[in-house]
Structures are given as structure tokens and as C-alpha cells.
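The next block holds one structure in the form of C-alpha cells; read it before the comments.
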Amino acid sequence: MPDSGRRAIDPADGKLGVLCVGLGAVTSTLIAGVELARRGLGEPIGSLTQMGTIRLGRRTEPRVPLIRDFVPLAGLDDLVFGAWDPFPDDAYVAASRAGVLEIGRHVEPVGDALRAVRPMPAAFDPAYVKRIDGPNVKPSTRKRAMLEGISADIEAFRSEHLVDRMVMIWCASTEAYIEPGDVHADLEAFEAGIDADDPRIAPSMLYAYAALQAGIPFANGAPNLTVDVPALRSYATDRGVPIAGKDFKTGQTLIKTVIAPMLKARMLGLSGWYSTNILGNRDGEVLDDPESFKTKEESKLGVLEDVLEPDRYPQLYGDVYHKVRINYYPPRGDNKEGWDNVDLFGWLGYPMQLKIDFLCRDSILAAPLALDLCLLLDVAQRARLGGIQEWLSFYFKSPQVGPGLYPEHDLFIQQTKLKNTLRWLMGEEQITHLGIDYYLDGDDLR
Ligand SMILES: NC(=O)c1ccc[n+]([C@@H]2O[C@H](COP(=O)([O-])OP(=O)(O)OC[C@H]3O[C@@H](n4cnc5c(N)ncnc54)[C@H](O)[C@@H]3O)[C@@H](O)[C@H]2O)c1
């Protein structure tokens with residue numbers, strides 16, 4: 001992108017409504033964390049927008065502001081949370097049930113704020129999430145009725161909480177696998193599909209469509225197809241509404257998108273990569289259903305091929321055995337353990353192995369990503385960047401890109417892209433790390 005002066009960005013005045021689809025482990029951890037940070041009772045660790053800095057200008061210039069001081073983001077005090085869920089539990093009960101946060105230390109101190117977030121009845125159809133069966137659902141599973149119900153909820157939330165802007169984020173369960181088809185090809189087919197109750201239109205697509213119709217940016221934290229179909233992508237572009245997805249990049253895929261680019265950078269070969277994990281939260285239970293697992297598997301499997309480009313490097317990556325397993329194991333709750341076994345080879349083909357054991361916490365890793373996405377999509381909206389926000393690939397396992405483009409998975413290229421987009425938005429020079437000052441006279445230090 002060329003340096004072109006500062007882009008006009010509307011100020012972040014007033015309240016930002018954050019509409020979360022799903023009030024489970026990730027959403028309740030997000031809301032509690034934001035509330036704790038507001039009250040000075042916790043640090044928003046893992047959030048680039050809250051903790052990260054950005055270097056500006058030449059290396060000799062001491063300009064490295066915090067990102068939140070550099071870009072006009074909404075402040076944490078201005079966020080107002082809303083949610084939908086088929087279970088009627090408020091965010092306090094959801095956080096207690098999810099078992100991610102310590103009750104005495106991180107739930108009770110913000111209990112008032114958590115109890116205030118009560119889920120709206122979900123646009124839910126058990127055909128798409130087999131392991132969930134809650135009573136707090138809209139009266140009809142007819143698609144048109146669900147769409148109209150979501151739109152009515154959005155407007156009711158707007159007037160009740162007097163928010164000036166909104167963003168919507170899918171933090172709900174992973175839906176059953178759906179292939180993109182003719183019903184998703186354009187808006188006319190999609191509209192007809194809604195009226196015909198076409199099974200290829202999942203509830204997540206209805207939430208996304210309702211958001212876009214209301215001019216609300218939408219992020220997809222799960223691997224469902226959702227807004228990644230031509231009809232909704234084009235609609236977002238035409239309406240100038242930002243979209244981003246899909247599937248938060250948290251545990252093993254985060255590791256994979258750091259290790260695989262390293263192997264490729266050193267031209268080391270790969271013969272196999274076996275990833276398995278145990279996970280005992282509700283997400284793990286939903287993913288225990290083969291149809292939901294297939295959606296997740298597709299999202300996780302694409303990464304290695306995209307990073308390693310086997311067509312370009314057939315001797316190194318032409319024959320990789322890649323396996324991804326997810327195992328529901330209740331005793332561990334949200335504290336996932338992920339094992340990766342990497343079989344690689346080096347000079348003259350000699351084999352080596354790498355073993356990674358990541359004892360992580362799923363929602364502790366996901367909540368800061370959800371926060372950043374909400375704040376950055378809101379900036380994108382105020383800067384009038386509609387359609388796919390490829391610069392937010394940093395946050396996703398399966399980044400959305402325009403037709404004919406391949407997704408960028410390398411975490412550090414994603415980070416550079418994100419920061420250069422922020423520089424571009426604010427009219428600052430791009431940083432190329434060229435260091436041309438070593439070779440040229442003058443003071444062109446970059
Ligand atoms: N935590 C992570 O590290 C991580 C990483 C990547 C993706 N994700 C995805 O994020 C999502 C949320 O994860 P979680 O751990 O909070 O799961 P969770 O099971 O705790 O919460 C999901 C909630 O969504 C609700 N729900 C299901 N269908 C709904 C619908 N149609 N409308 C409204 N609510 C609905 C469920 O009742 C549940 O309460 C999952 O899809 C998960 O795969 C999580």
C-alpha cells in the first residue's frame with residue numbers, strides 16, 4: 001500500500017455495542033476480562049491492541065507508541081456487551097459453569113457486570129449443533145423468522161443501551177460442515193434459499209446477514225462457513241461493512257503457523273505432522289460430533305499446505321502426512337493439552353523429530369483475540385474499509401481472502417501486514433526493514 005496521508009477515520013465517540021453470538025467460555029471470559037481490566041483488577045494480556053506497541057518512522061526516531069494511543073480505538077470503558085445463547089444463563093453463571101476463571105479472584109469482583117449480560121433467545125436449530133439443546137431459543141426455526149428475530153434484537157439492543165455503533169462476533173459452537181453451493185452464490189439465490197428454508201443456510205449465516213443489513217461489522221471466531229460465501233462477501237463489500245474470519249488462531253494452529261514457516265525459511269523438509277489434543281469443555285463436547293469436527297478439521301488442515309507450497313518445493317513438502325485429532329476428555333475442562341509430533345529432515349535427507357506439548361487454556365488465549373477483533377473491526381468501519389479485512393488474518397486459523405488469492409498463514413507476515421495497515425491508516429510510512437542506510441550516503445535510515 002502506498003503512503004498516502006492519513007485516512008479519514010470517524011472519532012470513536014459514544015458507546016460501542018459488542019454483540020456476541022454464544023455466551024459460553026470465550027464470551028464470558030472476554031466480558032469478565034474487560035470488566036476486570038476496566039476496574040484495574042486484571043491485565044489484558046494477549047491483546048495486541050491493549051498491550052502492543054508499534055514502531056513508527058526511522059530506527060533513530062524514538063517513536064514507539066502503544067497501538068491504542070496511536071489508533072483511535074474505542075476505549076474499554078465504552079464497550080457494552082450483549083449476547084445470544086440457547087441456554088438462559090447470564091454471563092455470571094456462564095463464567096462459573098465454564099470454569100475458566102477463578103470464582104473468588106476473577107468472577108465475583110465483577111459479578112454485577114456479568115449478571116447484567118443476559119442472553120437473548122438464540123436463533124438456533126439443533127440440526128447444526130447436535131450436542132446442544134437449550135430452552136432459550138426463538139420460537140421458530142424457519143429461516144426468515146430467525147433472520148427477522150435477530151434484526152429485531154439488534155434494534156432493541158441499540159435503543160435499550162443507547163449505543164452509537166456495534167460489532168458482532170460469532171463465539172458460538174461450531175456448526176456442522178456445509179459445502180459452499182449455488183444457494184450461496186449471490187444475494188438473490190441466498191434470499192430465495194432463506195424463504196425455501198434451504199438447509200445449506202445455517203443460523204450463523206442469518207446472524208451475519210442481519211448484522212450486515214444493519215451496517216454492523218461481523219467477525220467469525222469459529223470455522224463455520226458463515227460469512228465466507230460469495231453472497232455475503234459481496235454484500236459486505238457493496239454495503240461497505242467490514243467482515244473477518246474464520247476460527248480464532250489460538251493453540252496448536254498458532255504454534256503450527258510459527259514452526260512451519262521456520263522449516264520453510266531454512267529449506268528443511270517435512271514428512272509428517274501429527275497433532276492431537278485433549279479438551280474437556282463444551283466446545284470439545286460439540287466437536288465430538290463428527291459433523292462439527294469435520295468443519296474444524298477443514299479449518300486446521302489447510303494451514304500446512306498453504307504455508308509449505310508443496311507444488312513449489314516437491315522434494316521438501318511433496319509427501320507430507322498431516323493428521324489432526326481432537327479428543328473430548330472432560331477431566332481437563334478448558335485446559336487443553338495439545339501434542340504435536342513433527343517429522344522433519346535436513347541435509348542429505350537425514351530425519352529429525354520435534355515434539356511440542358502445549359498445556360494451554362483455550363479461552364484465555366481466545367478472549368484477547370475476540371477483544372482485538374471487535375476494536376479493530378470498529379476502526380475499519382469508521383475508516384470506511386468494507387468487505388474482507390485481510391489485515392486481520394493474524395487472528396484466524398483460516399483467514400478469509402478475496403477470490404483467487406491464497407491466505408497468508410505465517411504469523412509474522414500477518415503481524416507485519418496488520419501493523420503496516422495501521423501505519424497506512426494513520427498516514428505513517430511503511431516499514432520495510434531494508435536498512436538501506438548501510439549502502440547509501442544520506443540519512444535514509446529505515
Ligand atoms: N477457545 C478457543 O481457543 C477457540 C479457538 C478457535 C475457535 N473457537 C471457537 O469459538 C467458539 C466458542 O468457543 P467456547 O469455548 O466459548 O464454546 P462454548 O461451548 O463454551 O460456548 C459456545 C456457546 O454457543 C452457544 N450456541 C450454539 N449455537 C448457538 C446459536 N445458534 N446462537 C447462539 N448461541 C449458540 C452454545 O449454547 C454455547 O453456550 C467455538 O465454536 C469454538 O470452536 C474457540
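The values are calculated or read from the model by the stated rules, or taken from the named source; none is laboratory data. Just so you know, these numbers come straight off a predicted model, no measurement behind them. Glycine gets a Cβ as well: all are built from the backbone with ideal geometry, and neighbour counts include every protein chain shown.
The table below lists the values:
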quantity	calculated
Verdict on LEU162 being out of contact with any strand residue (DSSP E or B) (no Cβ under 9 Å at 6 or more places or on another chain) and either crowded, with 24+ Cβ neighbours inside 10 Å or modelled with pLDDT of 95 or more (or both)	no
From the options ALA37, ALA12, ALA74, residue that is more than 16 Å from the ligand (Cβ to nearest atom), closer than 26 Å to ARG105 by Cβ and either assigned by TED's automatic domain parsing to the domain that holds ALA214 or touching a helix residue (DSSP H, G or I) at 6+ places or on another chain (Cβ under 9 Å) (or both)	ALA37
Hits in the range 74-90 - residues which are in a loop (DSSP other than H, G, I, E, B) and surrounded by fewer than 22 Cβ atoms within 10 Å (Cβ to Cβ)	GLY75, PHE87, PRO88, ASP89, ASP90
VAL129 being modelled with pLDDT under 95, crowded, with 16+ Cβ neighbours inside 10 Å, assigned to a loop (DSSP other than H, G, I, E, B) and within 16 Å of the ligand (Cβ to nearest atom)	yes
Pick from the range 336-384, criterion acidic (Asp, Glu) and at pLDDT 95 or above, ranking: nearest to MET51 (Cα to Cα)	ASP372
Sole residue being surrounded by 23 or more Cβ atoms within 10 Å (Cβ to Cβ), touching a strand residue (DSSP E or B) at 6+ places or on another chain (Cβ under 7 Å) and not hydroxyl-bearing (Ser, Thr, Tyr), chosen from ILE255, ILE243	ILE243
The range 141-159 - residue that is polar (S, T, N, Q) and either in contact with a strand residue (DSSP E or B) (Cβ under 7 Å, 6 or more places away or on another chain) or at pLDDT 95 or above (or both) and, of those, surrounded by the most Cβ atoms within 10 Å (Cβ to Cβ)	SER151
In the range 96-125, the residues that are without any contact (Cβ under 8 Å) to a residue 24 or more places away in the chain, more than 9 Å from the ligand (Cβ to nearest atom) and of a type outside the set (A, V, I, L, M)	SER96, GLU102, GLY104, ARG105, GLU108, GLY111, ASP112
Only one of GLY221, GLY251 that is of a type in the set (Gly, Ala, Ser), under 17 Å from the mean Cα position of the chain (by Cα), at pLDDT below 95 and within 12 Å of the ligand (Cβ to nearest atom)	GLY251
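Table: residues versus (1) within 16 Å of the ligand (Cβ to nearest atom); (2) of a type outside the set (Val, Ile, Thr); (3) in contact with an Asp or Glu (Cβ under 6 Å, 6 or more places away or on another chain).
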{"residue": "LEU354", "(1), (2), (3)": "no, yes, no"}
{"residue": "GLN389", "(1), (2), (3)": "no, yes, no"}
{"residue": "PRO403", "(1), (2), (3)": "no, yes, no"}
{"residue": "THR421", "(1), (2), (3)": "no, no, no"}
{"residue": "TRP424", "(1), (2), (3)": "no, yes, no"}
{"residue": "ILE436", "(1), (2), (3)": "no, no, yes"}
